[in-house]
1. Can you list residue pairs whose Cβ atoms sit under 8 Å apart, with the first residue in region 281-299 being not assigned by TED's automatic domain parsing to the domain that holds S263 and the second being of a type in the set (A, V, I, L, M, F, W, C) and surrounded by fewer than 19 Cβ atoms within 10 Å (Cβ to Cβ)? Count only pairs 6 or more apart in sequence or on different chains.
2. Mind listing whichever residues of region 251-306 are over 27 Å from the mean Cα position of the chain (by Cα), of a type in the set (D, E, K, R), closer than 24 Å to V61 by Cα and not in a helix (DSSP H, G or I)?
3. Suppose the filter is aliphatic (A, V, I, L, M), farther than 19 Å from S87 by Cβ and in contact with an Asp or Glu (Cβ under 7 Å, 6 or more places away or on another chain); does V283 pass it?
4. Could you please find all residues in region 230-250 being in a helix (DSSP H, G or I) and surrounded by 13 or more Cβ atoms within 10 Å (Cβ to Cβ)?
5. Out of all the residues in region 234-258, which are among the charged types (D, E, K, R) and under 16 Å from S87 (Cα atoms)?
6. Tell me, please, whether a residue that is surrounded by fewer than 20 Cβ atoms within 10 Å (Cβ to Cβ), at pLDDT 95 or above and part of a strand (DSSP E or B) can be found in region 79-92.
Amino acid sequence: MKRVASTILVSVLLLPALTLGAPSAPERRMNPNEISALPSFVKRVEPAIVALHVRNDEHAVSSTRLGSRRFGSGVVFDPRGYVLTVSYLLLDAVGVEARGRDGRTIAARVVGLDLDSGLGVVKLEGEGPWPAATLGDSQSIAAGARTGTVGVDEDNGLVQVAGAVQAVQRFSAYWEYMLDRAIIVAPASPQWGGSALVNELGELVGIISLRLGEAPHANLAIPVERFVPVKDELIASGRIASRPPRPWLGLYTVTLPEGVVVSELSPIGPALRAGFRRGDRIVRVNGVAVASQEEFYEQLWARRAGDLIELAVQRDNKVQIIAVPSVDRHRLYPVR
């Protein structure tokens, strides 16, 4: 019995040595060229990023300000080939060409515009399924959150910037545009129009729309919470038909210490025909006093497109009432 126990003990003691001495498969070492230097959030969204080259009606008013050849990024959000981008890229579009990350050139067409949010959708022509980004929860985004901005340049080179949310706040702009929640991120990307804003998981939480301020700049992102609930309607109808259309006047304004002042007039807007002038100060909208651009929009959008809007303006130290028949701006930019 002792001899058997000794034999077992010797075998056990020799087992590690025998195991260590056994031949093993050679360890595979990664080629440095196979290791991506991109952050994980970029790698997750990159396959869904496309370059958009848009040819716009050269005689359209939007082309006077934005040019008749526009470029921006877009993000595939649906494997069927639907791409989310900024609406100003697509105004008066007569042709859209997309380039994927594999370098392929793909024809595309505009399928929907949401001018209230500033977003638009194009459809890639051709067989899918297409790599699609994961839509995240933009409502949970708060100041300090880490983000990434991912887009492309005109040569289809990837442009990515790691940053953080500086603020989540209301934002208004001169062209009768306001977001109740806009995401402000820094540092800014050199390619902003239509680039993806992603969270640390690589989920799409916003579309970069603007570059703000003086250097060092920040970017403004439209949160996807404005898009997710209406995306199917936007694809099916070309616009958000279930939402009452906002009245549009074609008044470009700025907020100065003295109040809301007309800085410019759209050549296709009803305000020009109604007799507004640059320098007019808007003091009341439908009888309600306004002192800022935000207050002006709140009172204007309390009505519906087609309503007659009465504005009290101060001009040459006199206040006069100007009535403007508002219009539905989407009718000026039909989806072709």
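1. none
2. R277, R278, D280
3. No: the conditions fail for V283.
4. Let us first name the residues in region 230-250 that are in a helix (DSSP H, G or I), namely 230-237.
Within region 230-250, V230, K231, E233, L234, I235, S237 meet the criteria.
5. Step one: of region 234-258, the residues among the charged types (D, E, K, R) are 239, 243, 246, 258.
Once the filter is applied, which keeps residues that are among the charged types (D, E, K, R) and under 16 Å from S87 (Cα atoms), region 234-258 yields only R239.
6. Initial filter on region 79-92 (surrounded by fewer than 20 Cβ atoms within 10 Å (Cβ to Cβ)): 79-80.
In the following step, the residues that additionally are at pLDDT 95 or above were identified as 79-80.
With the extra rule that they be part of a strand (DSSP E or B), the set shrinks to none.
Looking for residues that are surrounded by fewer than 20 Cβ atoms within 10 Å (Cβ to Cβ), at pLDDT 95 or above and part of a strand (DSSP E or B), one finds none in region 79-92, hence no.
To keep it simple, each residue is scored yes or no on (1) in contact with a strand residue (DSSP E or B) (Cβ under 9 Å, 6 or more places away or on another chain); (2) more than 17 Å from E176 (Cβ to Cβ); (3) crowded, with 19+ Cβ neighbours inside 10 Å.
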| position | (1), (2), (3) |
| --- | --- |
| E264 | yes, no, no |
| G269 | yes, no, yes |
| G279 | yes, yes, no |
| A289 | yes, yes, no |
| S292 | yes, no, no |
| E298 | yes, no, no |
| I309 | yes, no, yes |
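Yes/no matrix, rows are residues, columns are (1) under 15 Å from the mean Cα position of the chain (by Cα); (2) over 29 Å from V54 (Cα atoms):
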{"position": "S140", "(1), (2)": "no, yes"}
{"position": "A143", "(1), (2)": "no, yes"}
{"position": "V152", "(1), (2)": "yes, no"}
{"position": "V159", "(1), (2)": "no, no"}
{"position": "A164", "(1), (2)": "no, yes"}
{"position": "R170", "(1), (2)": "no, yes"}
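The values are calculated or read from the model by the stated rules, or taken from the named source; none is laboratory data. None of these values were measured; they are calculated from a predicted model. We place every Cβ from the backbone using ideal geometry, glycine too, and count neighbours over all the protein chains shown.
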